[in-house]
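Structure record follows, encoded as structure tokens.
The values are calculated or read from the model by the stated rules, or taken from the named source; none is laboratory data. Just so it is clear, the model here is predicted, and its values are computed rather than measured. Counting neighbours? That spans all protein chains shown, and the Cβs are built from the backbone with ideal geometry, glycine included.
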Amino acid sequence: MDCSTFILELSPPLLGQLNLDFGKIAPNIPYILGGIQVTLLFTLLSALFGFALAIVLSFFKVSTFKPLRWFADVYTSVFRGTPLILQLALIYFATPQLTGYPISGLQAGVITFALNSAAYSSETIRGGILAVDKGQREAAQTLGVGYPMMMKDIILPQAFKNILPALVNDSIALLKDSALVSTVGALDVMRRAQIVAAEKFIYFEPLLLAGVIYYVLVMGLTLFARRFERRMRRSD
């Protein structure tokens, strides 16, 4: 038996095994799409809280007060040195044990991802602050501008323009990693796709749909970020 004959005899069984039927999940598509709201809400809240905390941590890291620098460095090392899913599990399962109050999967996810993203974004913001010309700080100090006002009106605006692409990448990573909240029961896109898969006893179709949804969301965020970045550049 030559190779071509073997392939022809093997092909029909293989094709028969590819039992794909997207019609089976058609009634469940609105249910899966409903997870977009949860995914976007989770990403927005995590990004906002994480960004605010990252700014505070970046100030600590450039501070001349050593205990603040030590705290920020230890915080960053802990959250960068442990798996994200472990952090999520600890916050979700340990919070009721320690406080006596239950916490939802969405709340646990927002807390975890905000704390985790702050560790990474603070390094980015710190680098942007240090990249600003020292002469501008000296000029501001010469003019009697206070440190808080100098950071708010002079240093941070210039730093953000330089680090905007890096912050966008962090936001995109946050959006994709949001699928991890499905492990603690949050009804996001990934979790709903898994529920449909378990009900229909098919996995490729609902998971593929979830992948398409995440891809569209990421591409939309990327296009929005590019337009925002161009607008920021034109305002220089």
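Just one residue in the set SER117, SER122 is surrounded by 14 or more Cβ atoms within 10 Å (Cβ to Cβ), touching a Leu at 6+ places or on another chain (Cβ under 9 Å), over 30 Å from ILE32 (Cα atoms) and of a type in the set (Gly, Ala, Ser); that residue is SER122.
Across region 100-111, the qualifying residues are those that are of a type outside the set (A, V, I, L, M) and in contact (Cβ under 8 Å) with a residue 40 or more places away in the chain, and the one among them that is surrounded by the most Cβ atoms within 10 Å (Cβ to Cβ) is GLY109.
Results for (1) in a helix (DSSP H, G or I); (2) basic (Lys, Arg); (3) free of Cβ contacts under 8 Å to residues at least 12 places away in the same chain, shown as yes or no for each residue.
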| residue | (1), (2), (3) |
| --- | --- |
| VAL145 | no, no, yes |
| ALA159 | yes, no, no |
| ASN162 | yes, no, no |
| ARG191 | yes, yes, no |
| ARG226 | yes, yes, yes |
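The set of residues in region 215-234 being surrounded by 11 or more Cβ atoms within 10 Å (Cβ to Cβ) and at pLDDT 80 or above consists of TYR215, VAL216, LEU217, VAL218, MET219, GLY220, LEU221, THR222, PHE224, ALA225, ARG226.
Could you please find all residues in region 50-99 being of a type in the set (Lys, Arg), surrounded by 13 or more Cβ atoms within 10 Å (Cβ to Cβ) and without any contact (Cβ under 8 Å) to a residue 12 or more places away in the chain? So that I can check it myself, show each step before the final result.
Of the residues in region 50-99, the ones of a type in the set (Lys, Arg) are 61, 66, 69, 80.
Subset that is surrounded by 13 or more Cβ atoms within 10 Å (Cβ to Cβ): 61, 69.
ARG69, the sole residue that qualifies.
Check ALA118, ALA108, ALA159, ALA131 and return the single one that is small (Gly, Ala, Ser), modelled with pLDDT of 90 or more and within 25 Å of THR222 (Cβ to Cβ). Before the answer, list the steps.
Numbers: ALA108 fails: within 25 Å of THR222 (Cβ to Cβ); ALA159 fails: modelled with pLDDT of 90 or more; ALA131 fails: modelled with pLDDT of 90 or more.
Of ALA118, ALA108, ALA159, ALA131, the one residue that is small (Gly, Ala, Ser), modelled with pLDDT of 90 or more and within 25 Å of THR222 (Cβ to Cβ) is ALA118.
Could you list, in sequence order, all residues of region 186-214 that are in contact with a Ser or Thr (Cβ under 8 Å, 6 or more places away or on another chain) and either polar (S, T, N, Q) or modelled with pLDDT under 90 (or both)? Answer for region 186-214, where residues must be in contact with a Ser or Thr (Cβ under 8 Å, 6 or more places away or on another chain) and either polar (S, T, N, Q) or modelled with pLDDT under 90 (or both): ALA186, GLN194.
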